[in-house]
1. Restricting to the range 50-66, name every residue that is over 17 Å from residue 112 (Cα atoms) and crowded, with 18+ Cβ neighbours inside 10 Å.
2. Restricting to the range 139-157, what's the tally of residues that are surrounded by fewer than 24 Cβ atoms within 10 Å (Cβ to Cβ) and within 23 Å of residue 27 (Cα to Cα)?
3. When you check residue 80 against the structure, is it out of contact with any Pro (no Cβ under 9 Å at 6 or more places or on another chain), modelled with pLDDT of 95 or more, surrounded by fewer than 23 Cβ atoms within 10 Å (Cβ to Cβ) and not polar (S, T, N, Q), yes or no?
4. For the range 109-140, give me each residue that is closer than 17 Å to residue 218 by Cα and among the hydrophobic types (A, V, I, L, M, F, W, C).
5. The conditions are (1) of a type outside the set (A, V, I, L, M); (2) assigned to a loop (DSSP other than H, G, I, E, B); (3) within 16 Å of residue 23 (Cα to Cα), and residue 90 fails exactly one of them. Which is it?
6. From the list 207, 192, 179, 148, which residue is among the small types (Gly, Ala, Ser) and in contact with a Gly (Cβ under 6 Å, 6 or more places away or on another chain)?
7. Go through the residues of the range 160-173 one by one and say whether even a single one is surrounded by fewer than 21 Cβ atoms within 10 Å (Cβ to Cβ) and under 15 Å from the mean Cα position of the chain (by Cα).
Amino acid sequence: MKTITSLLALAGVVSAHYTFPALIYGGTTTTDWQYVRDWTGSYTYDPVTDVTSLDIRCNVDGTTNLAPDTLSVAAGQNLGFTVNPDIYHPGPLLAYMAKVPSGSTAGTWDGDGTVWFKVYQDEPTVGASALEWPSNAATTVTFKIPAGTPSGDYLFRVEHIGLHVAQSEGGAQFYISCGQITVTGGGSGTPGPLVAFPGAYSPTDPGILIDIYYPIPTNYTPPGPAVWSG
């Protein structure tokens with residue numbers, strides 16, 4: 001039997017969606033979609049739900065809707081994204097990077113191939129009545145560029161997975177943006193494991209196909225590879 005909380009979640013506010021439109025670096029918040037790729041339909045705030053589609057990489061048309069500029073960031077420093085309006089749904093926050101190959105730039109490359117490595121993920125606190133997520137209600141999110149990250153151009157992919165209706169296949173909601181950055185002062189690390197988008201996730205992964213309400217899970221592991229800390 002579903003709990004009242006679960007039933008309310010299933011009937012939740014459809015318009016409670018969000019996006020990640022701008023970067024934050026060195027105490028400065030950039031203009032929306034200046035360094036972040038504006039995806040087709042961003043004004044709707046709608047999520048991606050098909051993990052096998054190209055949209056799972058950088059959102060709808062995010063592989064070709066290129067941002068005007070690329071932001072220089074130093075290895076070992078923090079890079080943030082704004083959230084508009086805020087992270088409303090329960091679920092994990094993740095971040096990935098992909099190094100741009102020789103001959104391309106962050107402002108021209110589509111992010112294709114087994115090139116993405118995870119640099120961040122959060123996990124919930126397991127409470128008596130619900131899972132409690134660190135990013136809940138956040139209006140900004142911040143990640144550290146690993147100090148060992150080699151210098152060069154990268155795509156930086158932020159992702160929040162809404163699990164409020166993830167009880168059935170295709171129910172999980174992916175809120176995604178890709179920023180264009182140049183890492184300076186980098187190290188000599190070897191980022192990995194490397195994955196591709198699409199390809200990194202399956203619709204039946206236990207961190208994607210899950211009922212977070214009944215029975216309340218006793219643990220949760222986000223989908224995708226291990227985090228590379230550099």
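1. Applying the first criterion (over 17 Å from residue 112 (Cα atoms)) to the range 50-66 yields 50.
Hits for the range 50-66: nothing passes.
2. Going through the range 139-157, the residues surrounded by fewer than 24 Cβ atoms within 10 Å (Cβ to Cβ) turn out to be 139-144, 146-148, 150-153.
Now restrict to residues that are within 23 Å of residue 27 (Cα to Cα): 139-144, 146-148, 151-153.
Within the range 139-157, residues that are surrounded by fewer than 24 Cβ atoms within 10 Å (Cβ to Cβ) and within 23 Å of residue 27 (Cα to Cα) number 12.
3. Working: out of contact with any Pro (no Cβ under 9 Å at 6 or more places or on another chain): yes; modelled with pLDDT of 95 or more: yes; surrounded by fewer than 23 Cβ atoms within 10 Å (Cβ to Cβ): yes; not polar (S, T, N, Q): yes.
Answer is yes for this residue.
4. Filtering the range 109-140 down to residues closer than 17 Å to residue 218 by Cα leaves 122-134.
Of everything in the range 109-140, those that are closer than 17 Å to residue 218 by Cα and among the hydrophobic types (A, V, I, L, M, F, W, C) turn out to be 126, 128, 130, 131, 133.
5. All conditions pass for residue 90, except number (3).
6. Working: 207 fails: in contact with a Gly (Cβ under 6 Å, 6 or more places away or on another chain); 192 fails: in contact with a Gly (Cβ under 6 Å, 6 or more places away or on another chain); 179 fails: in contact with a Gly (Cβ under 6 Å, 6 or more places away or on another chain).
Going through 207, 192, 179, 148 in turn, the sole match is 148.
7. Checking the range 160-173: at least one residue is surrounded by fewer than 21 Cβ atoms within 10 Å (Cβ to Cβ) and under 15 Å from the mean Cα position of the chain (by Cα).
Residue-wise test of (1) at pLDDT 95 or above; (2) part of a loop (DSSP other than H, G, I, E, B).
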residue: 129; (1), (2): no, yes
residue: 149; (1), (2): yes, yes
residue: 155; (1), (2): yes, no
residue: 161; (1), (2): yes, no
residue: 179; (1), (2): yes, no
residue: 190; (1), (2): yes, yes
residue: 203; (1), (2): yes, yes
residue: 207; (1), (2): yes, yes
residue: 210; (1), (2): yes, yes
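The values are calculated or read from the model by the stated rules, or taken from the named source; none is laboratory data. Note that the coordinates shown come from a computational prediction; the quantities given were computed from them, not determined experimentally. Here Cβ is always computed from backbone atoms with ideal geometry, including for glycine, and neighbour counts include all displayed protein chains.
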